[in-house]
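The values are calculated or read from the model by the stated rules, or taken from the named source; none is laboratory data. Predicted model, so just to flag it, every value in this text is computed and none were measured. In this analysis, Cβ positions are derived from the backbone assuming ideal geometry, glycine residues included, and neighbour counts consider all displayed protein chains.
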């Protein structure tokens, strides 16, 4: 089926990218086949009636991180461009298409992960709590003309930077964390003179695009100026509708608002609980008929402080009433006598302190996800002016993360980084070999020209030497047998 200029077989990709015998790249191609991206794209309605197969272009885009390629232009200039005859404009049109529902495609990949894990009889995580984790991360951008771009506050460096806030909802199934949904956000700020931290001239220079109201891209663009609490609730509700039912929703103190807690408790007749860090601010809790803020409550309960030797922590626990939420359990905790007191709140009154901390610590897995996606999978690197391309690029990175998470889970890799490194290094090895081979050819041609010797004679002499044959064996195998003799669409 995939044999013309319009399509490309995974077997053809393997032929181009691998040597003889089974290799790590074979495993990567098998992983693409297992997730069946073509089928998922068809289910998502991502169909092109003319030109190159859309699912095949998506497949090539998914391979970018392993090629150490971050942009379409870099791909078009690399040796990997032989993977498809499609030119860079084909890739740009796909990423800029406002009608493609990238959100639904990410959900389809997550559902495929869920199905594959179930098939593998991996029931080690059956008794572990299932969690939604909601968090945001700064994605820095360089282009001031990017659509909806603005300055956002980066809590890590405590400065405003040009970029977006990526709000991500991920699902912890007891053993693996997979991304489900996300939205990009700008921060308008309180300075009316410089909205989004930009001058009027900078705002006018930003790219703008008219979209159909019914287009998927139009819905995503409206989320940019929606507050993160409101959109976070929308992400959670959408995930539940897609069949992902957690035991807990975990958040840090930024998202632990009354609005968020109330929304979570209204889902699925209250079977989903909230668990998060809460600021010790002026919000009031009712305790024994008194309404006290967190600091006053902690002071009153300090005589009841306990020590958890296993966690090396001091804590105070109590049950209070919190506005319309009803009864909640509070844990005041600090991990040394000199550290600050922290406040953890849960709507599950049955949780012990040790259980609450153990479950809350799962939240840190999303920080690992952000780190690995940014460092390894090109998350946030896209500098396209079109906001639809920004959405497409982030979705592709998260899709690759889900696929690698499945392989890591089945084959018990110590970390996703170690798994990614093995895949990437094989691509890099081939790229380095290509450069060395070209360098070798240039040297022998220079020698031939300088001394007036036929270059063919030099090659014949060199290849008669056993040591030279051994050194150049791998290069000749790769680039004479695999790369220079095989062209896309002509492979058997």
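The table below lists the values:
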quantity: Residue satisfying condition, being closer than 16 Å to residue 139 by Cβ, touching a strand residue (DSSP E or B) at 6+ places or on another chain (Cβ under 6 Å) and either in the same structural domain as residue 249 (by TED's automatic domain parsing) or part of a helix (DSSP H, G or I) (or both), within set 171, 164; calculated: 164
quantity: Considering residues of region 268-299 that are in contact with a strand residue (DSSP E or B) (Cβ under 7 Å, 6 or more places away or on another chain) and assigned to a helix (DSSP H, G or I) only, the residue surrounded by the fewest Cβ atoms within 10 Å (Cβ to Cβ); calculated: 298
quantity: Scan of region 353-367 for residues that are touching a residue at least 24 places away in the same chain (Cβ under 8 Å) and either within 22 Å of residue 168 (Cα to Cα) or out of contact with any strand residue (DSSP E or B) (no Cβ under 6 Å at 6 or more places or on another chain) (or both), ordered by number; calculated: 354, 357, 359, 360, 362, 363, 365, 366, 367
quantity: Region 268-284, residues that are touching a helix residue (DSSP H, G or I) at 6+ places or on another chain (Cβ under 6 Å) and more than 17 Å from residue 172 (Cβ to Cβ); calculated: 280
quantity: Whichever residue in region 49-77 is more than 28 Å from residue 114 (Cα to Cα) and in a loop (DSSP other than H, G, I, E, B) and, among such residues, is modelled with the highest pLDDT; calculated: 71
quantity: Test: residue in region 312-324 that is in a helix (DSSP H, G or I) and either out of contact with any strand residue (DSSP E or B) (no Cβ under 6 Å at 6 or more places or on another chain) or surrounded by 13 or more Cβ atoms within 10 Å (Cβ to Cβ) (or both); calculated: yes
quantity: From 140, 79, residue being surrounded by fewer than 19 Cβ atoms within 10 Å (Cβ to Cβ) and touching a strand residue (DSSP E or B) at 6+ places or on another chain (Cβ under 6 Å); calculated: 140
